[in-house]
């Protein structure tokens, strides 16, 4: 990837947005429905609704994470060939906000010219989209932050907007490895982004065991409440 040079709700509105009401846990992605796909800037939604972007390397578990948070099995689709999805896919939430499922990055087998085009589009979206209120970065806990993850964070964090890192596939690690993985990600954030690390929350996440789902729900709900 090339580097170029919140208020509480109540009543009906809160329920529509998936925000906790009368002790109910927030589930902001439940009820999400596909809205549109964009392969270029002119195709992006124009209504100005707040957007939450999901990003991550190919095969990091991003589609599975979105589906888990939406309590659906087929909302977000993972291509059979990693790295082939070239669109930013938008899903409309009940309260009107949007989830943007960004193309996976870092898959070596994609033709260089094609990879360059959609990574530049992804970079443009993340660094200039004014309606983007938060970023969910999906990271395979077994591998931690990679170079392109850090580049993406480097383009987004200076804006002061929050980031949630989902350390996925944590169930594939034993207890000691899980703790080490989360600590490793946090330590790396402190090394690379010492002034911005406090804006990032790291959650251990597992789709099979539902670990981290409710924590992620609450974080995302706070961004769009």
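The values are calculated or read from the model by the stated rules, or taken from the named source; none is laboratory data. Quick caveat: nothing in here was measured; it's all calculated off a predicted structure. Here the Cβ is made from the backbone with ideal geometry for all residues, glycine too, and neighbour counts use every protein chain on show.
Yes/no per residue for (1) surrounded by fewer than 18 Cβ atoms within 10 Å (Cβ to Cβ); (2) modelled with pLDDT of 95 or more; (3) at positive phi:
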| position | (1), (2), (3) |
| --- | --- |
| 164 | no, yes, no |
| 167 | no, yes, no |
| 176 | yes, no, no |
| 179 | yes, no, no |
| 201 | yes, yes, no |
| 218 | yes, yes, no |
Identify the single condition in (1) buried (at least 19 other Cβ atoms within 10 Å of the Cβ); (2) at pLDDT below 90; (3) farther than 17 Å from residue 36 by Cβ; (4) within 15 Å of the chain's Cα centre (by Cα) that residue 78 does not satisfy, given that it satisfies every other one. (1)
Failed item in (1) under 23 Å from residue 141 (Cβ atoms); (2) modelled with pLDDT of 90 or more; (3) out of contact with any strand residue (DSSP E or B) (no Cβ under 6 Å at 6 or more places or on another chain); (4) part of a loop (DSSP other than H, G, I, E, B), with residue 60 passing the rest: (3)
Name the residues in segment 197-225 that are under 22 Å from residue 92 (Cβ atoms), in contact with a helix residue (DSSP H, G or I) (Cβ under 9 Å, 6 or more places away or on another chain) and part of a helix (DSSP H, G or I), would you? 213, 216, 217, 220, 221, 224
Working carefully through the options 65, 97, 38, find the one that is modelled with pLDDT of 95 or more and in contact with a strand residue (DSSP E or B) (Cβ under 6 Å, 6 or more places away or on another chain). 65
Regarding residue 121, is this residue surrounded by 15 or more Cβ atoms within 10 Å (Cβ to Cβ), modelled with pLDDT of 95 or more and in contact with a strand residue (DSSP E or B) (Cβ under 9 Å, 6 or more places away or on another chain)? no
Being part of a helix (DSSP H, G or I) and surrounded by 20 or more Cβ atoms within 10 Å (Cβ to Cβ): is that true of residue 139 here? no
Out of (1) within 14 Å of the chain's Cα centre (by Cα); (2) at pLDDT below 90; (3) within 25 Å of residue 28 (Cα to Cα), what's the single condition that is false for residue 91? (2)
